[in-house]
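What follows is one structure encoded as structure tokens, with my remarks underneath.
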Amino acid sequence: MFINGKFVNAKSGKTFDVFDPATEQVIATCPAGEAADVAAAAAAAKAAFYGGWKATSAQERGRILFKIADRIRARRDELARIETLNSGKPIVESEYDMDDSAVCFEYYGGLATKINGEVIPVPTNAMVMAVKEPMGVAGQIIPWNYPLAMAAWKLGPAIAAGCTVVIKPAEQTPLSLLALAKDFEACGLPPGVINIVTGMGPECGAPIVAHPDIRKIAFTGSAEVGKLIMRSAADQLKRVSLELGGKSPNIFFADSDFEAAVDGALFGVFINQGEVCSAGSRVLVQQEIYKKFVDACAAKAKTIKVGPGIERETKMGPLVSAEQRDRVKGYLDIGKKEAKVAAGGGVPKGFSKGWYVEPTIFYDVDNGARIAQEEIFGPVMSVIPFKDEAHALEIANATPYGLAAAVWTRDIFKAFRVTRALEAGIVWVNHMQPTMLEAPWGGYKMSGFGRELGHWGVEEYLETKQIYINLDEAPIGWY
Ligand code: NAP
Ligand code: MG
């Protein structure tokens with residue numbers, strides 16, 4: 001773990017194993033942090049906040065973030081390799097994630113000096129200001145699907161805001177963030193500003209939420225854990241932001257560009273092995289093109305090169321863990337009872353090791369089926385036919401989630417109508433998944449609340465203080 005600028009073991013001495021999903025081999029052991037370790041990290045973060053970090057200039061914080069971005073670029077190949085060995089994802093995707101993480105730190109480096117307050121006109125002889133201040137120590141709990149990128153999305157804005165941090169990576173994928181921490185000191189980051197605790201959710205994540213000196217919790221992960229966190233945070237009325245999962249609709253009208261549509265349907269749900277919170281896992285297709293669309297998707301899905309992420313030609317790696325592979329396999333069995341199989345449906349042949357599953361397409365899926373309502377978090381597409389625009393919208397919004405959605409059509413009026421009617425925090429037109437660090441990211445409904453990225457991201461780490469300055473020298477004159 002990385003606490004107060006030093007790599008340390010858990011106080012208990014306990015460790016846990018970290019695996020390569022392609023070989024099932026142990027590639028590292030990490031300290032299994034518990035409440036005592038979280039307390040040490042929180043104490044370091046609190047001391048760093050009041051001991052100087054709070055008073056650093058925005059320029060200084062910005063420069064540190066630029067340096068972190070530079071280090072990620074300089075170490076791109078090494079960090080991408082670690083990311084792929086630890087998460088299973090294709091190396092090309094890891095390289096993209098490293099570039100994206102660098103841009104994220106850079107974006108917030110630039111934003112640090114643009115966190116302005118406001119002067120508010122009031123009827124009295126006074127000047128009233130709203131000023132922004134860092135909340136203090138922030139707790140951040142992140143998932144395993146984009147390990148370094150998810151850390152960047154949370155660390156960038158927290159540091160820009162002037163907060164200090166206790167962050168817990170997922171138990172499956174702590175390595176890339178720990179590797180980056182080696183450079184924090186050289187980037188000018190004082191000890192205690194970013195503390196990394198490794199361990200299991202209940203033992204190491206829950207104490208972050210419960211710690212009285214941690215003022216805010218930012219979480220990305222499952223809806224189940226999101227609910228636990230909100231309940232626990234309620235005891236101290238702690239601010240929380242939750243980025244949870246989804247069951248995002250990817251809607252294809254008959255007038256969309258057929259080739260681009262098929263490509264977009266596959267990309268929407270098979271990128272990163274489908275381990276994506278915004279995965280377009282419900283593919284809604286208009287009746288006129290339905291049969292042809294399912295056939296074309298199935299034919300293309302069968303050509304996806306599955307293999308170890310470290311091999312450059314691989315387009316789909318193994319899932320992150322045996323547990324996740326078993327979860328997804330469970331849904332494949334459920335899907336075979338609920339719908340028809342167009343492609344995949346099992347474990348690919350030819351691998352003696354590795355937590356692989358086949359890119360799978362179910363069709364004739366009823367939107368009420370479990371494979372259309374529950375987040376699978378694997379390479380599983382559920383195709384659902386629809387009649388017309390109203391029918392598409394009815395199906396699209398019939399989900400407890402509301403993270404993302406996409407609509408494909410060449411009719412600009414229809415595109416706008418559907419975009420406005422979709423209940424989702426991110427809506428793409430004629431694309432699915434491009435994620436812009438400058439724009440807001442977050443969900444409606446059970447996909448959570450709060451927004452990451454862009455200037456919205458930094459707001460999550462700021463308090464707003466009203467300051468009233470009386471300009472009238474006379475006494476109030478009331479008594
Ligand atoms: P998860 O448990 O929600 O993991 C997310 C993070 O929360 C991890 O760091 C986890 O630690 C931590 N955590 C777990 N229990 C906690 C608790 N009681 N208090 C505080 N923190 C806690 O997700 P998962 O179990 O790895 O995956 C299960 C399912 O969640 C997936 O199949 C998928 O459907 C969904 N998921 C969604 C996203 C997303 O981005 N929306 C990301 C990941 C998973 P551990 O690593 O020790 O569990
Ligand atoms: Mg877990």
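What follows draws every value from the coordinates through simple rules; no lab data is involved. Because the structure is predicted, anything quoted here is derived from the model rather than measured. Note: ideal-geometry Cβ built from the backbone for every residue, glycine included; neighbour counts use all protein chains shown.
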### Query
Using alpha-carbon positions, what is the distance between the centroids of segment 269-327 and segment 1-71, in Å?
34
### ³J(HN,Hα), Karplus 6.51/-1.76/1.60, whole Hz, each residue of segment 466-478, x for Gly, Pro
8, 10, 10, 10, 6, 9, 9, 6, 5, x, 4, x, 7
### Message
What number results when the radius of gyration of segment 326-369, computed over Cα atoms, is divided by 2.2 N^0.38 Å?
### Response
1.21
### Query
Which of GLY13, ALA343, ASN272 sits farthest toward the positive end of the charge dipole of the chain, with +1 on the Cβ of Lys and Arg and -1 on the Cβ of Asp and Glu?
GLY13
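From the Cα trace of segment 358-479, what convex hull volume per residue do you get, rounded to a whole Å³? Please list the in-between numbers first.
Numbers: hull volume 27.2 nm³, N = 122.
About 223 Å³ per residue, rounded to a whole number.
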### Placed amide H near VAL383: partners under 5 Å, 5+ positions off or other chain
VAL283, PHE362, TYR363, ASP364, VAL365
### Message
What's the magnitude of the charge dipole for the chain around its Cα centre, counting Lys and Arg as +1 and Asp and Glu as -1 at the beta-carbon? Answer in Debye, nearest 20.
### Response
420
### Task
Once you have the Cα-Cα distance between VAL92 and LYS182, take 0.36 nm times their residue separation minus that, and quote the gain in nm to one decimal.
30.0 nm
### Message
Per residue, how big is the convex hull of segment 109-238 when only Cα atoms are used? Give it in Å³.
### Response
145
### Task
Please work out whether segment 23-122 counts as rounded, prolate or oblate from its C-alpha gyration tensor, where a ≥ b ≥ c are the square roots of the eigenvalues and a/c under 1.5 means rounded, while otherwise a/b larger than b/c means prolate and anything else oblate?
oblate
### Message
Quick check for me: using +1 on Lys/Arg Cβ and -1 on Asp/Glu Cβ, what's the dipole size of segment 249-429 about its Cα centre, in debye to the nearest 20?
### Response
460
### Summary
Projecting the Cα atoms of TYR108, ILE64, VAL92 onto the charge dipole of segment 64-137, where Lys and Arg contribute +1 and Asp and Glu -1 at Cβ, the residue farthest towards the positive end is ILE64
### Task
With just the Cα atoms of the chain, tell me how far they stretch along each of the three principal axes, in Å, largest first.
79, 58, 40
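Compute the Kirkwood hydrodynamic radius of segment 249-429, taking the inverse of the mean of 1/r over all pairs of distinct Cα atoms, and give it in Å to one decimal. It would help to have the intermediate numbers written out before the result.
Details: mean 1/r = 0.0613 Å⁻¹.
Hydrodynamic radius (Kirkwood, Cα pairs) of segment 249-429 is 16.3 Å.
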### Task
Using only the Cα atoms of segment 102-156, each taken as one equal point scatterer with no solvent, compute I(q) by the Debye sum, divide by I(0), and report log10 of the ratio at q = 0.20, 0.26 Å⁻¹.
-0.85, -1.07
### Task
Would you mind getting me the FRET efficiency between ASP70 and TYR479? Use the beta-carbon distance for r and R0 = 51 Å, nearest 0.05.
0.25
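Restrict the search to segment 359-466; then list the GluC sites (Glu not before Pro) that DSSP places in a loop and that have at most 14 other Cβ atoms within 10 Å of their Cβ.
Details: sites: GLU374, GLU375, GLU389, GLU394, GLU423, GLU438, GLU452, GLU459, GLU460, GLU463; in loops: GLU374, GLU375, GLU423, GLU438, GLU460.
Loop-located and lightly packed - GLU438.
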### Query
If you bin the C-alpha pair distances of segment 91-183 every 10 Å from 0, what whole percents do you get?
15, 38, 24, 12, 7, 3, 0
### Summary
Amide H neighbours of VAL240 at under 5 Å, excluding residues fewer than 5 places away on the same chain, with H built from the backbone geometry, are ILE217
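How far, in nm, would the chain grow between ARG370 and LYS291 when pulled straight, counting 0.36 nm per residue and subtracting the alpha carbon separation?
Contour length minus Cα-Cα distance gives 26.2 nm.
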### Query
Considering amide H positions built from the backbone, and no H for Pro or chain starts, which residues 5 or more places from LEU319, or on another chain, come under 5 Å of its amide H?
TRP355, TYR356, VAL357
### Query
For the residues TYR479, TYR96, TYR401, TYR107, what sequence is obtained by ranking on other C-beta atoms within 10 Å, fewest first?
TYR479, TYR96, TYR107, TYR401
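Semi-axes of segment 216-266's equivalent ellipsoid from the Cα gyration tensor, sqrt of 5 times each eigenvalue, largest first, rounded to whole Å?
Working: eigenvalues 304, 15, 13 Å².
The three semi-axes for segment 216-266 are 39, 9, 8 Å.
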#### Entry: Residues of type aspartates and glutamates that LYS445 reaches as a straight line, Cα spacing below 12 Å, ignoring anything fewer than 8 places off in the same chain
GLU243, GLU423
### Task
Return SER94, SER281, SER241 ranked ascending by Cβ neighbour count within 10 Å, so the fewest neighbours appear first.
SER241, SER281, SER94
### Message
Per residue of segment 117-128, what does 6.51 cos²θ - 1.76 cosθ + 1.60 with θ = phi - 60° give for ³J(HN,Hα)? Whole Hz please, x for Gly and Pro, Karplus curve as stated.
### Response
x, 9, 10, 10, x, 10, x, 8, 7, 7, 10, 10
